[in-house]
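Before any comments, here is the structure.
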Amino acid sequence: MDHEFWTIRTGPSGALLIPWTFPESRILYENTVAVVQPELMWHVNKASRRRDFKEIFQLYMRQLLDGCNDSSCTTPTCWSCRIRLSKAPLRKYTILSAKPIALCLMERPDPLTALCPRLVGAQELCSSQNLSSQDRLSERVQPPRREYMRVPPRKDPRSFSQNLFDRFELDRAGVGVPKDLENVDLSGSDASVDSLSNLTPELCRALSSLHSYQFYDSPTTPDYIRTNKEHRKATRDYIEQSIFYCFARADSAIKIAGEYFNVDMDQRDAAIASRFTRLKQFHQGLEDLTSHYAKTMFDSLWEALAPVFAKPELINRKRQASQYLNDEQVAPLLALCIHALSAAVDLDDLTDHDADETDNLRYHGFLPLRDENATWSAERLAGRLARAIYARHCFAQASSRMHGVSTLTSCFTLLKVPLGLPRLVFRKGRDNQDKYEDRGIPANMFLRWTKFLFVQAWDGASVIQGSTPAGFHLRVLNLLYTWAGDLGLREELFRVPAVSDELNFSKVSCEWPLALSNVNAYHILQSPFLFTKSKLISCFRAVNLSNMTQAFVKARTAMSLPKRLQIHVEGRQADRLSSLLATEKNAHLALEVRRGHELDDAMDQIWQRSKEELSRPLKVHYVGEQGFDIGGVSQEFFSSCFTAALDPNYGLFTINERTHHSWFRPLSDEPSYRFELLGILVSLAVYSGFVLPFSFPIAFYLKLLDMPVVSIEHIRDGWPELSRGLEALRDWDHPELEVEDAFMRSYVFTIETPGENVDVQIDKFGRLNAWPDPELAEEDGYYAERNPVPLSHRAWRAPRTGPSNELTEPKMVTNKNRRQYIADYIWWLTHKSIEGAFTAFSSGFFTCIDKTNLKILTPEVLQLLVEGDGEVDVDVLEDAAEYESIDRSHPLIRGFWRIVKAYDNDQKRKLLEFVTASDRMPVGSPARMTFVIQKNGPDTENLPTSTTCFSRLLLPEYSSVEKLKMKLAIALENTKGFGND
């Protein structure tokens, strides 16, 4: 080092001179160390990898062209095996055609799995490697008998095949060894190289500035650097060596990442904000490095992930796992890899719509990188990262199975904080307009990488084996979806339209029930988040239609049995056969109801009906009315039934005055069989494909799918005021005012009843104790079945805790117990207080609906399936409309649609109900919508009429649009019922 420069040793490229006038020279000098171990030198590692690649490539070329000369060879790609199995003359591969096949075989996660074991040199190579844990090879193999690596000179630059096979693929894979790496000593080195010992945000910026200083003509760049290409190469070697030294070793990468990704959420907000700011700075430093050195970073992190696959001693008792990393070490390393992949993506070039991103997933990556040469390395790192996450998840599951309780924590629990930070790398686009706030979240980027890798590995089959690359990528997507809320991922980000477009849903719906019995396979419908809501609903209805068809055919077959057997049976046997087939006299489920008494008549007729009868096609007839049920009458029947059942005066449900959501009435005195019958009616409607005129909160559908209702988000839509109050209680962080002084809230759950409010001391009852307390009730002669306990009795409020019968004051909610109180309150609201009613309802709901089939639906999709779409799209309605005795271009029709488009949503729903008997749009394409407009004579003073069984609107040819508007408004406000004016 002299007075003007300091020297950096960079290996084969020589030395790098950095002038002291360079602004970041001091920080680089203070953090530079000498590296003497050959395995930690980047140029040695790069040469070793290229040489190993060349040796494996030569073995595959020999396998494809010459074979192993073993007559019993069983390797499909070996020339000897092909000759043995061939029954016709076989054409031998040429060097040109064998190259891409060899490269394809080497792109597997383990490049040696497709190598013929009988090939000369293969046994020595395989025996020296751990095939299950390493992709990289470090041992030499025997020299090949022939040299196939000499690529002949390019003869025709216009030849597609020569340009593709001779240059592009081999250059992309790095088959050739550069001249400066030919003579690198892989076993040791007399010289050392200099490298940074750490990569802080400041050092990342310093390296980025050094690159700009050397490669771009800065005003302060000396003349000798501008004209000396060796200095630029030495600069690249120094930066690559620093990245490799810090990130290629697991212990070094964990140490660096742990400073930024170990965030303790129990700290004060100021401390957490400081750590988040530091993490954001580190992410920006990664962005600076990945602009030019993404490939080096990805290759280094790929090396660092190798110890993650080591099994813990807890589940691997046969040998000591010396390199095992615990979850607290693995989580920062995985987070570092995900942040690196995220930092390399150019957000300005990222398309705005997921549908555009996934159109061509099979053919190219849809994530634009700042460094385009790093695409292959990024895909390789993302693939190993997905395998690492799934492996750690499997370790936790194996521990749980072997020891009853998992002694290992899924690393996803530790990844939630560093990956789910909203607006972590939020940036503005080129147009300076705000884009999606969550598009730059590292978890979002990793989700996109995993989707891409899944589609690349997927073969289009609906049943996927769990051991295949597509299998574990799909399972990682499932894990990401499980933590979507904590990671800040929107549900629509998980959609993969390419999967929906390729699947045949009519075939998939038939394979779905059979595939669930295979424990080693995974059906793609078990990941419903991949599909759009309309696709899932179509598949669910296809399964129900298949079951309904089978029930119909079975009933028709049973109906023909008496005639076919009447010549064989007589007397008592004939009577016995007739009684056995009494329920098989109709191939449909026929219901006769009276208008105004639909609910009572339906309950009387479906009570004690068998599941086989309820599974048949439904036909409803109104007593004293004409009409053939092809869907409209049934829709009107269900609408009338549930309008009556959900009336608060009926005693089964309550309605939130603000949200208009219905919910089970707590402590309802109605018998449980009424809830069960109502569940059967809902099941029958969903099974038959009808939408229902009610609105339940999402917690209702979570419970139907056996999903826990545990968070405030699960009750927000049904109880918004309560949710805001619980959130305020949870987030209270006043330094001087405690929770009990600010909120003055007792540890009770309040039930509002028509007579009085009941305050239940939920901390004393617990979740598993009987409620009301049976001991206190029996002391006063009350029994749940014969003599119900009145609501004024203390058995509802608190259980017996001692000999005294006095009711003690409930304790207060404090800082210490507020989170437990919130969890207990939500549990009592959505479970304990309605347990009996919901259990009876769900028992009836699963009469026609199979629980297995519901697994393909998410709570939001199930809600849309049951309730339909409350927003009426007039454009969709107009496109689906059909006309009789009148043309679409008629002035009356044009005026009609102008009137309807001017309606608000409530008026549109009234029109839809007037014509189709339902005020909700069916989910899916317009093909499911039936809306017929028919001319009904000349101008008249009569009102428009409708026939709901045919979804037909009858319009007289009014003399003016104003008259049509007036008559239609009167009809919508006053008409109800089938075929009435």
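The values are calculated or read from the model by the stated rules, or taken from the named source; none is laboratory data. Everything quoted here is computed from the prediction, not taken from an experiment. Here the Cβ is made from the backbone with ideal geometry for all residues, glycine too, and neighbour counts use every protein chain on show. All accessible areas refer to the heavy atoms of the entire protein, side chains included, with ligands and DNA or RNA removed. Shrake-Rupley method; radii C 1.70, N 1.55, O 1.52, S 1.80 Å.
Give me the number: length gained by fully extending N974 to E721, i.e. 0.36 nm times residue separation minus the C-alpha to C-alpha distance, one decimal in nm. The partial results should precede the final answer.
Working: separation 253, 0.36 × 253 = 91.08 nm, distance 3.57 nm.
Difference between extended and current length: 87.5 nm.
Return the loop-located trypsin sites (Lys or Arg not before Pro) in region 861-904 (DSSP other than H, G, I, E, B) with at most 12 other Cβ atoms within 10 Å of their own Cβ; answer none if there are none. Each step should come with its number before you reach the end.
On the way: sites: R888, R894, R898, K901; in loops: R888.
Here the trypsin sites (Lys or Arg not before Pro) that fit, given the DSSP loop and packing criteria, are R888.
Using a simple spin-label model with points 7 Å from Cα along the Cα→Cβ vector, what separation in nm is obtained for E30 and K554?
Here the modelled spin labels are 8.0 nm apart.
Could you sort Y29, Y60, Y883, Y93 by accessible area so the largest value comes first, with the probe set to 1.4 Å?
Largest accessible area first, the list is Y29, Y93, Y883, Y60.
Taking the convex hull of the Cα atoms, report for region 704-760 its projected area averaged over all directions, in nm².
Numbers: hull surface 22.7 nm².
For region 704-760, averaging the hull's shadow over all directions gives 5.7 nm².
Considering only protein heavy atoms, what is the solvent-accessible area of V932 at a probe of 1.4 Å, reported in Å² to the nearest 10?
Here the residue's solvent-accessible area equals roughly 10 Å².
What part of the accessible area of region 870-974, given as a whole %, is carbon or sulfur when the probe is 1.4 angstrom? Show your work: numbers first, answer last.
Numbers: 2330 of 5000 Å².
Result for region 870-974: 47 percent of the exposed heavy-atom area is carbon or sulfur.
When all protein chains stay in place, what accessible area (Å², nearest 10, 1.4 Å probe) is found for D887?
Surface open to solvent at D887 totals about 90 Å².
Rank these by accessible area, largest first, 1.4 Å probe: I715, I27. Kindly include the intermediate steps, with their values, before the conclusion.
Working: I715 0, I27 55 Å².
I get I27, I715, largest accessible area first.
Given a 1.4 Å probe and the protein chains all in place, what does the accessible area of V543 round to, in Å² to the nearest 10?
10 Å²
Based on the Cβ-Cβ distance of T94 and E328, what FRET efficiency does E = 1/(1 + (r/R0)^6) give at R0 = 41 Å, to the nearest 0.05? Spell out each step's value before the answer.
On the way: r = 54 Å, r/R0 = 1.32.
The computed FRET efficiency comes out at 0.15.
Report the net charge of residues surrounding W732, where surrounding means a beta-carbon distance below 10 angstrom and charges are Lys +1, Arg +1, Asp -1, Glu -1. Mind dumping the intermediate values first?
Values: positive: R730, R818; negative: E727, D731, D733, E738.
Cβ neighbours under 10 Å give a net charge of -2.
Taking Cα atoms of region 1-110, Rg/Rh with Kirkwood Rh, to two decimals?
On the way: Rg = 24.8 Å, Rh = 18.5 Å.
With Rh from the inverse mean 1/r over Cα pairs, Rg/Rh is 1.34.
Would you mind pulling out the separation of the Cα centroids of region 596-625 and region 16-74, in Å?
Answer, in whole Å: 76.
As an exercise, use a Förster radius of 41 Å and the Cβ-Cβ distance of H597 and Q465 to find the FRET efficiency, rounded to the nearest 0.05. Intermediate results must be reported in sequence, preceding the final value.
Details: r = 55 Å, r/R0 = 1.35.
Given R0 = 41 Å and the Cβ-Cβ separation, E is 0.15.
For region 870-974, state the semi-axes of the equivalent ellipsoid (square roots of 5 times the eigenvalues of the alpha-carbon gyration tensor), sorted largest first and rounded to whole angstrom. Can you show the working numbers first?
On the way: eigenvalues 84, 43, 34 Å².
In descending order the semi-axes read 20, 15, 13 Å.
Quick one: order K92, K832, K554 from most to least accessible surface, probe 1.4 Å. Don't skip to the answer; put the middle values down first.
Working: K92 95, K832 20, K554 135 Å².
Listed by decreasing accessible area, they come as K554, K92, K832.
Quick one: which residues, 5 or more positions from D869 or on another chain, have an amide H under 5 Å from its amide H? H modelled 1.01 Å from N in the peptide plane, none for Pro or chain starts.
Placed amide hydrogens put M921, V923 under 5 Å from D869.
For the peptides 381-394, 601-614, what is the packing order when you average, over each peptide's residues, the other Cβ atoms within 10 Å and list the highest mean first? List each step's numbers first, then the result.
Numbers: 381-394: 21.5, 601-614: 14.6.
Averaged packing, sorted descending, gives the order 381-394, 601-614.
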